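Worksheet: one structure, shown below.
Values in this text are rule-based calculations from the coordinates and carry no lab data. Keep in mind the model is a prediction, meaning the values are calculated, not measured. Reconstructed Cβ throughout: ideal geometry from the backbone, glycine too, with neighbour counts over all protein chains shown.
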Amino acid sequence: MKIKPKKQPFTANRVMTKTDEVYRFYFHCALCERGHTTGMIVAKGEDEARIIAENEARYFFNRCLRCGRWVCDEHYSIDESMCVECANNMKKKEEFSHGK
Ligand SMILES: [Zn+2]
Ligand SMILES: [Zn+2]
């Protein structure tokens, strides 16, 4: 039996450009400017275009389980399933509670 992972809404920062009926989206990491530009998307409206773009771009990003932001591979700690910012915060807290 296949278990479908629950789809999280893709909420990375995005910039839309539109020429006539052709849309293009640029999504970027919450912590840097690195991102993904989609191909040209022909859609009937902005909503439709956005859904297509999100389905394409979400695979280039990782969602932090703690803060819910979408970040690039470089800002994602796979071991902890968190962005590096949250991972560092956790480490700091741990050091603090185990401190002398
Ligand atoms: Zn990044
Ligand atoms: Zn985070």
ask   = For segment 69-82, does any single residue satisfy the condition of being within 16 Å of ligand 2 (Cβ to nearest atom), in contact (Cβ under 8 Å) with a residue 60 or more places away in the chain and within 21 Å of P9 (Cβ to Cβ)?
value = yes
In segment 15-35, the residues that are surrounded by fewer than 18 Cβ atoms within 10 Å (Cβ to Cβ), of a type outside the set (S, T, Y) and part of a strand (DSSP E or B) = V15, M16, K18, V22, R24
